[in-house]
Structures are given as C-alpha cells and as structure tokens.
Amino acid sequence: MSSFYKNVLGAREGMIGLGILAALVFVVFPLALDVFRLNLVGKYLSYAFVAIGLVMCWGYGGILSLGQGVFFGLGGYCMAMFLKLEASTPQATAIQSTPGIPDFMDWNQLTALPLFWEPFKSFTFTLVAIPLIPALLALVLGAAMFKRRVGEVYFAIVTQAVALILSVLIIGQQGYTGGVNGITDLKTLLGWDIRSDSARVLLYFINGALLFGCILFGKFLLSSKLGKLLMAMRDKEERVRFSGYDVANFKVFIFVVAAIFSAIGGAMFTLQVGFMSPSFVGIVPSIEMVIFAAVGGRLSLLGAVYGTLIVNFGKSYFSETFPEVWLFLMGGLFIAVVMAFPNGLAGIYKDYVRPRLALRRGRVVREAL
C-alpha cells in the first residue's frame, strides 16, 4: 500500500494534485455552472482523454502522433452507431421510404442496413468495440511502423496521413457514415433520454470518473518499470535496444493504450454532445489535441487535463467575445506559452511554484524550531 501511495499516487504532493483536480471537476464546476456550461466542460474533459494519452506516448515515449483524432473519432462513431440504430426503429422512421434504417441511409437510397452496422444493435458489442477497434488499428499501424524502426517526424507524418484518409473516407461514404454531417439526432441510450438536463449532469460525472480512472491507470503504468523504459527509449533508444529490450513492442503497447484512452473520450463526447462528425477525425483536431498536451505539460497527466480545459475555455471565450480575430488570439496564446514555458503549465509549477512552496515550508519548520 505504501508503494502504491508513493509511486502511483505520488505521495502527499501527488494526492494534493489529484484532490485539487477532483474538487474542481466534481464540486466547483457542478456548483458554479448551469447545465449548459457544465455539459460544455464535459465536452472539454472528453478531449482530455486524448491529451493524457499523448502525455504517455509523446511525453514519456517520444512518439509524436498527429492523428489521435482518428481514435477519438472511431470511439465516437462506434457509440453513435448504436445510438442511431436505437433511434431508428420502424415506428420512429415510418415516414421513410425504408423504415428501420438511419435517416441518412434512406436519403441516399439505401434499402437495407449495411452488414457492418448490424453488430452495433447490441450495446454489449458496442462497449467492446469502442476500445477494441481503435486498439486494433493502433496495433497494426504501430507494428508496421515501429518494427521497421520508422519514428520521429516520419511517424508523425504517417499518422497525419491516416487522419486525412479516414476523414475523406467518412465524408465520401455518405450513405454509410452520414458524410460531412456525421451521425446526428441521437436521443436515447437503452431508452434513457440523454438530452435531458439530469442525463447531461449524470453523464458529466460518469465522464469525470472515467477520466480519473484513466489518469490513475496512466500513473500506474508510468510508475512501473515500463515508465522508466519509455523515458530511456525517448532519450537513448539505441542503448535500450542494445540492452536486450524489444523497443518496438514497448512503443506499440503505449501507442495502443493512448488510442484506447482517445476512443473512450470519443464515446463520452458522443453521449454528451449528441452527435459525431468527421470534423473531429481529421488533421486539424488531431493537432489541437497535441496543443492541449503541450500547454498543460507533456510530462504531466494532470497538466494535460488543465491544458485541455484552459485552451478550450480560451477558445470559447475568444470566439464569443472576439469572433473576428479569435483564431489569431488563440494562436498567439499558444506561441507565447510554448516559447516562454516549453514544459507547459506543469513546468511552471515545477520550476517556479514548487521551489517557493518548499522554501516557505522550510522557513515554517525553522521558525517552529
């Protein structure tokens, strides 16, 4: 227990950090915000799943993926397909030419549900598919790249290409995927109306609980021997390889974990927002997700959550207050943070706040003596 407390939870300092974030997510936001704004924060927290995955594979493993939107989107589409089928009963779609199939399929003159949609009638299958399908794609992509020692900027470019290909494929296959509009008008989950205020509040808390579960799991992995090997591979990959470790397998594993985290975030995004579209799959959202991790600090799981919240709050504030120039303001904010504080918010705490707190504690101890 003491080892778990010290290594995984980070002892007293780590517990305080987790406690502050938990208080913010589960107490401050629910009490201070109305349902609409709380649901907006829930959407931001669904992005944080991607950011903490990036901390693990990029910050610790040195694997910069510019295509995490692919896994976020796949998780979201898996959930959206189940919800859309539940909303497309023959009674609810009686006015269509072909009742019982999603409306966008009917608009595109499909007369039967495609075979790959059939399994998503099952909620159990959907829950399994949300992490499994992105994990399989990450496994194939990672093995194909890392086994051939393709890394660094080349891997980043490949992940960008995958994001572009998937977004183009989704848009092009409108009859099967909803096209550029995505899968919309999602209403119920197992008969439970997800559009009501009470449902949005409950989904927010479920989202927060899952996020903390992923953070703790990430801390557990990074505090283990795997975490030390990831950092060693990031700094001296050849030395780790010559020590007898299969570097490729470790890279594939952490890349798959990051993909699963992203997929969980995508599924929760779909539940809270009520739709999923290719605008969350392509290159631009994937790069934004890297920005979340960079602003928060690419070596801090908690920092990634704060970075996600700050960047998205900034987007909302600037877009509402300065609609004509908000993109320039966001770009300037990001450049300023990266240039002045390359280690993000976590770096500010480590370099400036923590030393002052330690100095203050030392003074208190000396005065007590």
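Return yes or no: is Leu302 crowded, with 20+ Cβ neighbours inside 10 Å, among the hydrophobic types (A, V, I, L, M, F, W, C) and part of a helix (DSSP H, G or I)?
Working: crowded, with 20+ Cβ neighbours inside 10 Å: yes; among the hydrophobic types (A, V, I, L, M, F, W, C): yes; part of a helix (DSSP H, G or I): yes.
The answer is yes for Leu302.
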Among residues of the stretch 40-83 being more than 30 Å from Val240 (Cβ to Cβ) and small (Gly, Ala, Ser), the residue nearest to the chain's Cα centre (by Cα) is Ser46
Picked from the stretch 266-277 (must be in contact with a Leu (Cβ under 8 Å, 6 or more places away or on another chain) and surrounded by 20 or more Cβ atoms within 10 Å (Cβ to Cβ)), the residue nearest to Ile183 (Cα to Cα) is Thr270
Please state which one of Leu18, Leu40 is surrounded by fewer than 24 Cβ atoms within 10 Å (Cβ to Cβ), modelled with pLDDT under 95 and touching a Ser or Thr at 6+ places or on another chain (Cβ under 8 Å).
Leu40
Restricting the stretch 222-254 to residues that are in contact with a Gly (Cβ under 8 Å, 6 or more places away or on another chain) and of a type in the set (Lys, Arg), which is modelled with the lowest pLDDT?
Arg234
Take the residues of the stretch 269-282 that are aliphatic (A, V, I, L, M) and not in a helix (DSSP H, G or I): which is modelled with the highest pLDDT?
Met276
Tell me, which helices (runs of 4 or more DSSP H) wholly within the stretch 103-208 include 1 or more residues that are of a type in the set (D, E, K, R) and in contact (Cβ under 8 Å) with a residue 12 or more places away in the chain?
103-107, 152-172
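State yes or no: is Lys219 part of a helix (DSSP H, G or I), within 24 Å of Ile16 (Cα to Cα) and at pLDDT 85 or above?
Values: part of a helix (DSSP H, G or I): yes; within 24 Å of Ile16 (Cα to Cα): yes; at pLDDT 85 or above: yes.
Taking the combined requirement at face value, the residue satisfies it.
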If you check Gly266 against the conditions, is it in contact with a strand residue (DSSP E or B) (Cβ under 8 Å, 6 or more places away or on another chain), touching a residue at least 40 places away in the same chain (Cβ under 8 Å) and in a helix (DSSP H, G or I)?
yes
Is the stretch 283-290 home to any residue that is at pLDDT 85 or above, among the β-branched types (Val, Ile, Thr), touching a Gly at 6+ places or on another chain (Cβ under 7 Å) and buried (at least 18 other Cβ atoms within 10 Å of the Cβ)?
no
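The values are calculated or read from the model by the stated rules, or taken from the named source; none is laboratory data. Just so it is clear, the structure is predicted and the values come from calculations on it, not from any experiment. Every residue, glycine as well, gets a Cβ built from its backbone with ideal geometry; the counts of neighbours run over all protein chains shown.
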